[in-house]
Structures are given as C-alpha cells and as structure tokens.
Amino acid sequence: MQPVERAEYEGIDYAWVMQTTFVVTILVGAPAAALLSTLVTLESWGARAAFAVRVGAPIWFVTAVAVALYAKRAEAGDGGAATDDDADEKIDSDDNDAATGDDATDDDAEPTEDGDPTTNEAEKRG
C-alpha cells in the first residue's frame, strides 16, 4: 500500500480558518441575525432573504477576519504539532512503519483458544 502523502505548509492553515469561520458564523451569526430581524418588518420571503444577505454577509466577513487574525497570532490549526521537530519525528516513524509493513498492532488481533493473539482467522479455521 502506498503511504499517504502529507502536506507541509508554513503560516496560516486556511482550511482550519474556513472551517472555524463556518462554525462560528452559524453559532453566533444565526442568533444575531434572528434577533436583528425582530426589529424590522419583513413582509415577504424576498424581503426576508434580502435581509439575511444584508446582515449575514458582514457577520461572515467580520468572523472570517477575526479567525484569520487569531490563527496568525496563535498559530492555530497546525494539526497539534508542538514544533517542527515533533512533526518530523512523527512523519519519520510513519515512513518506517510503511516501509516494514507494520501498520497493524497486536491490539487488533483477537486472542485464540490457546491465548495466542498473533494467530489470525485463517489459522483458526484451517
């Protein structure tokens, strides 16, 4: 099996920024738009849709800028790697496992009647 390719990037993780922007906008922006809609008379579905766009777009933009600034300042969304050295060690160990074919652990094996966890299903049947 081919090893999974990994992306190495420096700077802001824009995928994390987009995902976080989406979630925060839904959690904060939707209630804010609903509260603001109580202050305006919206008589048709077209008026409601236009109001949602007029209010939702600035909320989305402000949220995206705030999340991007946070990501730049806090180095957020980096996949949890503390340093570049830690990330390199993890990649190196994964490469070694792929080269030796050691991608399964003994925890995945089921113990057999004699208690040997390394016996697989084919050996039990056969």
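The values are calculated or read from the model by the stated rules, or taken from the named source; none is laboratory data. These numbers were taken from a predicted model, which means no experiment stands behind them. Surface areas here come from the heavy atoms of the whole protein model, side chains and all, with no ligands, DNA or RNA. Shrake-Rupley method; radii C 1.70, N 1.55, O 1.52, S 1.80 Å.
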Residue in region 1-53 that is nearest to residue 71 (Cα to Cα), counting only those that are among the aliphatic types (A, V, I, L, M) and part of a loop (DSSP other than H, G, I, E, B): 12
Per-region count, region 28-56, residues open to solvent by 60 Å² or more (accessible area, probe 1.4 Å) and over 21 Å from the mean Cα position of the chain (by Cα): 12
Check on residue 67, under 18 Å from the mean Cα position of the chain (by Cα), of a type in the set (A, V, I, L, M) and open to solvent by less than 100 Å² (accessible area, probe 1.4 Å): yes
